[in-house]
1. Could you look through the stretch 130-179, keep only residues that are hydroxyl-bearing (Ser, Thr, Tyr) and not in a loop (DSSP other than H, G, I, E, B), and pick out the one that is farthest from THR248 (Cα to Cα)?
2. Condition first: touching a Pro at 6+ places or on another chain (Cβ under 6 Å) and part of a strand (DSSP E or B). Now tell me which residues in the stretch 211-249 satisfy that.
3. Among the residues of the stretch 279-318, which ones are touching a Ser or Thr at 6+ places or on another chain (Cβ under 7 Å), of a type outside the set (Gly, Ala, Ser) and in a strand (DSSP E or B)?
4. Can you report the number of residues in the stretch 357-405 which are within 30 Å of THR309 (Cβ to Cβ) and either in contact with a Ser or Thr (Cβ under 8 Å, 6 or more places away or on another chain) or among the aliphatic types (A, V, I, L, M) (or both)?
5. Could you list, in sequence order, the residues of the stretch 331-354 that are over 11 Å from the mean Cα position of the chain (by Cα), closer than 16 Å to LEU283 by Cα and either at pLDDT below 95 or not polar (S, T, N, Q) (or both)?
6. What number of residues within the stretch 432-444 are surrounded by fewer than 23 Cβ atoms within 10 Å (Cβ to Cβ) and touching a Lys or Arg at 6+ places or on another chain (Cβ under 9 Å)?
7. Here's a check for you: in the stretch 389-406, which residue that is of a type in the set (Gly, Ala, Ser) and assigned to a helix (DSSP H, G or I) is nearest to the chain's Cα centre (by Cα)?
8. Name the single residue that is surrounded by the most Cβ atoms within 10 Å (Cβ to Cβ) among those in the stretch 177-220 being β-branched (Val, Ile, Thr) and over 17 Å from ALA151 (Cβ atoms).
Amino acid sequence: MKTKSASLLAVLLATGGAAATAADTASDATPLLLADAAAVAGGHAADSGSARIRDEPAPSPGNPLLQGSHLNFMLRTFIDKQAVNGAFTRHAWTENLQVNFESGYTPGMVGLGVDVSPFMAVRVDSSANPGNLAHTGEPRDRAWAYFGKYAVKAKIGDGTVLKYGLQQTSNPVMESKDNRGLPPTYRGLTLVSTLAPGVTLDAGSFDRMVGRGRSHLGPLSSNFGGMPMSRQSYVGGSWDYAEGANATLYASRARDLWDQAYLAWSTRLGEAAGVKWGANLNLYVTQGQGRRLQGDIDNQAYSIGLTGTHGAFTGMAAFQQVSGDHFHDFTGDTWGNALANAMLVDYGAPHERSLQLRGAVDAGKLGVPGLRVMFWAISGRGANGADNAARYSDPGHPLYELYWKNGRPIQGGHREFGIYPTYVLQDGALKGSKISFYAVAHRASRYYYDSGIREYKFAFDMPWKGY
């Protein structure tokens, strides 16, 4: 489900050794492609980054499963280069294909159907150890293929779909982190329902996943702590209660790690001097749960954003803060952090405060249809992990590296600067394809959790309609 608040929370962007972890947790925040310029109001949770095929296929006669079915192809060229603290670099160039079949439904009040999506990739070039930029298997693996998605589904009435299997998700708790050659997918049960115009219900429970750069099922884990998560479950929904106004509420549980509540609110504030103003709020409240494998968490994390749009230009100023002695954490290999300042890195260290200035240009309104550009600058200060550093001072403890850096507790500040242009082809055989380029630099103090990193990313998404 993609809620409207998620699109206001939306467009960009969140990434193992200490340096490798920085590359795989810091750069993981970045979706491949820019969505609507209005999404400048949000962080990385809204857009999966794939070009979309919008044409409805013609009904297929005969088998009811084929009536209303879709067969589409997505070819992605993906090139990424990262340099971490000048200590090492890694790069990869892969060609990737998704074959996405979604059946129709059998007749009746409860219609049944299936989804199947083989994924395939070829490594054209890479460094010796590209990590999840390519494939985490044998470095000499040049190609891999697997079923990235498969599910059985039931449609109840006109507005409710129940699905079980390996699937992608889109909500503020588990947003599929589609910023590599192929997206991660998660095994579990989902329910999506339209209760009334503008009112949606979304629930899910997952126990396994196929992560980015992998081709087999593996366990869920927390993004920062890396602690095992036997199950992630959530229930929530979104309400468009007035024109330009939306509220979203979710409750979730990461078994034996935490319980979490999420609230989002966005609204238009009106127009003054030719500028259309808006505001958005995101709030997470997290408490330790069950065996508390990641500690006795008692955290609040929030962001407040003010947006302004004038013609083709949209800007945002956002403030974000984490209150508590733990990291603001979420499920690994997801954009499960919808806070406004979660871009290349999440700005989610204990007690951290951050400020962002972001802008976007919709060049279509300036006579260049299909071209959009986003740019941003963020500064984070006040991180202080001393409390949990004292608690996890044994280097053999699994949480030691989360709260210690270069022999001291996590502390200090950091900043990043980025630019993200995208272009959608307007005509010709490749109409609807998207080209994106992403460049970002992150600088951090010696004792901050995320290392300094420079990243350059290119993606070309080419969707093909089968039927």
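1. If we filter the stretch 130-179 for residues that are hydroxyl-bearing (Ser, Thr, Tyr), which is where we start, we get 136, 146, 150, 160, 164, 169-170, 176.
Remaining after also requiring not in a loop (DSSP other than H, G, I, E, B): 146, 150, 160, 164, 176.
Numbers: TYR146: 35, TYR150: 29, THR160: 19, TYR164: 24, SER176: 18 Å.
Filtering the stretch 130-179 for residues that are hydroxyl-bearing (Ser, Thr, Tyr) and not in a loop (DSSP other than H, G, I, E, B), the one farthest from THR248 (Cα to Cα) comes out as TYR146.
2. Step one: list which residues in the stretch 211-249 are touching a Pro at 6+ places or on another chain (Cβ under 6 Å), which gives 211-212, 219, 221, 228.
The answer is PRO219, SER221, PRO228.
3. Within the stretch 279-318, ASN280, ASN282, ASN299, GLN300, THR307, THR314, MET316 qualify.
4. Restricting attention to the stretch 357-405, the residues satisfying the condition of being within 30 Å of THR309 (Cβ to Cβ) are 357-381.
Filter once more, keeping what is either in contact with a Ser or Thr (Cβ under 8 Å, 6 or more places away or on another chain) or among the aliphatic types (A, V, I, L, M) (or both): 357, 359-363, 366, 368, 371-374, 377-381.
Residues in the stretch 357-405 being within 30 Å of THR309 (Cβ to Cβ) and either in contact with a Ser or Thr (Cβ under 8 Å, 6 or more places away or on another chain) or among the aliphatic types (A, V, I, L, M) (or both): 17 in total.
5. Of everything in the stretch 331-354, those that are over 11 Å from the mean Cα position of the chain (by Cα), closer than 16 Å to LEU283 by Cα and either at pLDDT below 95 or not polar (S, T, N, Q) (or both) turn out to be LEU339, ALA340, ASP346, TYR347, GLY348, ALA349, PRO350, HIS351, GLU352, ARG353.
6. From the stretch 432-444, those surrounded by fewer than 23 Cβ atoms within 10 Å (Cβ to Cβ) are 432-433, 435-437, 439, 441, 443; that's our starting set.
Filter once more, so that each one left must be touching a Lys or Arg at 6+ places or on another chain (Cβ under 9 Å): 432, 436-437, 439, 441, 443.
Summing the residues that are surrounded by fewer than 23 Cβ atoms within 10 Å (Cβ to Cβ) and touching a Lys or Arg at 6+ places or on another chain (Cβ under 9 Å) in the stretch 432-444 gives 6.
7. Just the residues of the stretch 389-406 that are of a type in the set (Gly, Ala, Ser), to begin with: 389-390, 393, 396.
Adding the requirement that they be assigned to a helix (DSSP H, G or I) leaves 389-390.
Numbers: ALA389: 29, ALA390: 32 Å.
It comes out as ALA389.
8. Quick first cut of the stretch 177-220, residues β-branched (Val, Ile, Thr) only: 185, 190, 192, 194, 199-200, 210.
Checking which are over 17 Å from ALA151 (Cβ atoms) leaves us with 194, 199-200.
Working: THR194: 15, VAL199: 13, THR200: 21.
Selected residue: THR200.
The values are calculated or read from the model by the stated rules, or taken from the named source; none is laboratory data. Computed from a prediction, not measured in an experiment: that's the story for all the values here. Cβ sites come from the backbone with ideal geometry, for glycine too, and all protein chains shown count toward neighbours.
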